[in-house]
1. Find the strands (runs of 3 or more DSSP E) located wholly in region 155-217 whose residues include 3 or more that are surrounded by fewer than 19 Cβ atoms within 10 Å (Cβ to Cβ), and list them.
2. Give just the number: which of (1) surrounded by fewer than 17 Cβ atoms within 10 Å (Cβ to Cβ); (2) closer than 30 Å to Pro511 by Cβ does Val733 not satisfy?
3. Which strands (runs of 3 or more DSSP E) sit wholly inside region 561-653 and have at least 3 residues that are closer than 22 Å to Asp678 by Cα and touching a residue at least 12 places away in the same chain (Cβ under 8 Å)?
4. Anything in region 77-100 that is open to solvent by 20 Å² or more (accessible area, probe 1.4 Å) and farther than 19 Å from Gln56 by Cα? List them, or say none.
5. Only one residue in Phe508, Phe532, Phe463 is at pLDDT 95 or above, open to solvent by 10 Å² or more (accessible area, probe 1.4 Å), part of a loop (DSSP other than H, G, I, E, B) and under 23 Å from Phe561 (Cβ atoms). Which one?
6. Please note which strands (runs of 3 or more DSSP E) are completely contained in region 700-813 and include at least 3 residues that are more than 42 Å from the chain's Cα centre (by Cα).
7. Looking at region 574-610 only, could you name the residues that are open to solvent by less than 20 Å² (accessible area, probe 1.4 Å), within 17 Å of Trp343 (Cα to Cα) and in contact with a Ser or Thr (Cβ under 7 Å, 6 or more places away or on another chain)?
8. In region 116-135, how many are assigned to a strand (DSSP E or B), surrounded by fewer than 22 Cβ atoms within 10 Å (Cβ to Cβ) and of a type in the set (D, E, K, R)?
Amino acid sequence: MKNIILFVIVTLGVPGAMTAKNGNEPKAEWQSKTVTAQRLSERIVLDGRLIEQAWQAPAISGFTQNDPEDGQPASEKTEVWLAYDDEAIYVAACMHDSEPARIISLLGRRDDFVEADYFIFYIDPYNDKRSGFKFAINPSGSLADWSLFNDEWDDRSWDGHWQGRARCDERGWTAEMKIPFDQLRFKKQEGGNYAWGVNFRRHIKRKNEIASFSWRSKTESGFVSRFARLEGIKDIEPKKLVEFIPYAAAKANFLRPEEGNPFRSGEETTVNGGLDLKLGLSNSLTLDLSLNPDFGQVEVDPAVINLSAAESYYSEKRPLFLEGAPIFRFGEGGASDRIGADWGDPQFFYSRRIGRSPQGFVSGGGHVDVPEWSTILGAVKLSGKIGDWSVGLLSALTEREYARVDLQGERSRLEVEPFANYSVLRAQKEFGAGRQGLGFIATSVLRDFQSESLAAALPGKAFTLGVDGWTFLDKKKAWVATGWLGLTSVQGSQESIAGLQQSFPHYFQRPDADHLHFDPEATALNGWAGRFTLNKQKGNLLFNAALGFISPGFDSRDMGFQWDGDVINGHVMVGYRSYRKWWAIQNWNLLLFTQRNYNFAGDRIGEQRLIAISNITFTSFWGFYFQMSHNPDTWAQTRTWGGPLMLLQRFNWFDWAVESDGRRPLVVSFGGFHLLSDWGRTTHQGSLTLRWKPRANLSLSASPSYERQLNSSQWVTRIDDPLMTSTYGARYVFADLDQKKLACSIRLNWIFSPQLSLQAYIQPFIAVGAYRNFKEFARPRTYDFNVYGSGASTIAYGAGEYAVSPGDGGQPFSIADPDFNYKSLRGTVVLRWEYRLGSTLYLVWTQNRADFQDPGDLSFGRDLGAMLRAPGDNIVMLKATYRFKI
């Protein structure tokens, strides 16, 4: 009870009262490790040769294995030296190897962590034991970097400007790094003496060995907090970074010409430019300003078929929003593991809302040209530390977008996206060397409409506010409690709020939901949500429990993303993990869950599961994963898209995967997902991934997959009919759906040097759906249907639609044929040349083609041919950036 009270205090904002006591306990080995950097008296030539005087001093050594023999001495000797001058810190490393001919050296594009040997340098310049940076180099000289956060997590979206060189010799291989101080945020120390956290790691790929200087057992928690102490750096000044990166881009669009459509003449050319500014406002605070950003080099999104009411989630790929993204993550601090169990945390900030596709639509016929994206006029981001608070602020302006309309030669334009401002503020403070934390997030979306129809469709304002925190409950940091609470408020016209109340995930119009009230005159929708977890993350025995809730009125989707609403979710998980080698097994774990969902009326909804999960790594370094779930009867509250509850009958599913040894030139992984029931719902999905590395600078991967899904209750439409009293005056029409999907993601990486690379991504995709046995939902809280064409009802097909007569006196109606056959081929080829540090030239080709013939019928050869023959849109772009550092 005491620990629970302490956690509540943290959440309410008094974590300072809980700062951990130091005590007089003996120091662990990692706590007593200290390394020293020496000031340079000569210039370092960065060539990987280690001939400078600084590298002849006694070396840092004594590495311990993390893999495969956790806790054993490293199988090969590694020596490291640290030095510095007024501008940068320098790292030198000698990786001795008893078999230098077997060193694995693969070329990788900048920030691609390929399957090769590596030396990695970690540094915590704030010495907060929670955050820092990670710099990696392999024997080919390929570089990668990450930022570190939450003690154990890393984020590769951070891009530092630093240099590294490597070379192989008869002893093994050597490396040198130069990391400018202006890339490391740290506070100026009174007296001029600095103490930072530091660690080193070495990967020996042929042995699948990872060895660390500052080692911790796999059954322990913490990473940055266990770094060695770096001393010796003195009399340096934190550098305020100032850099300008202007860009220029030329783009040519070769589009499929459409007869009679003046907006599809076949060719378009544009020339564009913009500027990125990075300015260090203080030793630990950076301002990023982007004017007219361009994302032409970004990989296309994969094709999907979504037949649900929920929207599809796409990952962020734009550099402007990727860099520094962890600072805006909310509700995730403290615990090293995050377990969902049929729960998806609503996101308060989903950066793809900024610059999204226009949300308005145009009706009335004619030819229409709608912009693909909303133009981002400019964005400003502030990130770093203010005092003891980590702070992130992002604000962006997007252009008012218009659709061009041509109606028999008469031109007009209609507003389809308003001028808008998107802002997010995130702050977090840690206490007691990271034992407690407290943070908040606030977002706002402000829209300015010129069109009354658009103001009736979209809210004018949206705000969110959230508070999160964590506290470790014991001195050894084995148990941690985390939690967050959030509020949302969406404001707009009566029409826009009425539409919001009746849309997913709210459905306030549900006729059998007495706890909901649809208000057509409301001009605001407010809600609240939260989740609290308890996690044991140390030792072999694991435990995780959580309770989460999202009120019916909660809506974060204007600036964030939301998977569900009107839900109370809870789970308990116990597990065991072992890193002791036994028989042919290197390590394994087993997790057991129980989980339930309720809505705010107390109805048991969604998936109520008993789950078992296991992961096994064999001594051959093959891996196996298996998960199975039993789901008893529950209610489905969104399957009728705003109608009454439907019975979701019991079913079982399991998925599995096998992966081969990643050290080999050819790596194979395959697996499947299988859902089984006795009431007409089944899914069988299989996938295969092949990764081939024929040369050190060339890799090719292909991931084909096939899925077949049979669903006896696929939503079709709703028909209002007052005679249908059993379902509250509406007919909820469903059908049996036989859906088949074939897809394959193909990637080519051809690396000419660490600075010059060619990457290609291609995704052929075919999805076919055949709807049969149309029917209507018979009565709430059942899985009963009235099938059209049986009894007195009739159904007939003609002219692309089904004519239905219900046979109970209700009005006849028609249903457009929902069958589909969607064939898509999308691809991007990017040639990237970093011709000087931080300055890049891109040549990009993107193609997108689609075909919709033969709906409802899959013929692989015919459909593949139609996809390849379909006319495509081609875009060619040349983009150049140049980095000016002041």
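The values are calculated or read from the model by the stated rules, or taken from the named source; none is laboratory data. Note that the structure is predicted; figures quoted are calculated from it, not measured. Glycine also receives a Cβ, built like all others from the backbone with ideal geometry; neighbour counts cover every protein chain displayed. Just so you know, the surface numbers come from the protein's heavy atoms only, side chains and all, with ligands and any DNA or RNA stripped out. Shrake-Rupley method; radii C 1.70, N 1.55, O 1.52, S 1.80 Å.
1. Values: elements: 163-169, 172-180, 193-204, 209-212.
Counting at least 3 such residues, we get 163-169.
2. Every condition holds for Val733 apart from (1).
3. Numbers: elements: 567-578, 585-598, 604-618, 623-631, 634-636, 646-648.
The strands (runs of 3 or more DSSP E) meeting that bar are 604-618, 623-631, 634-636, 646-648.
4. Listed by number, the residues that qualify are Asp86, Glu87, Ser98, Glu99, Pro100.
5. Details: Phe532 fails: part of a loop (DSSP other than H, G, I, E, B); Phe463 fails: part of a loop (DSSP other than H, G, I, E, B).
Testing whether each residue is at pLDDT 95 or above, open to solvent by 10 Å² or more (accessible area, probe 1.4 Å), part of a loop (DSSP other than H, G, I, E, B) and under 23 Å from Phe561 (Cβ atoms) leaves just Phe508.
6. Passing ranges, in order: 794-798, 801-805.
7. Ile605, Gln608
8. 1
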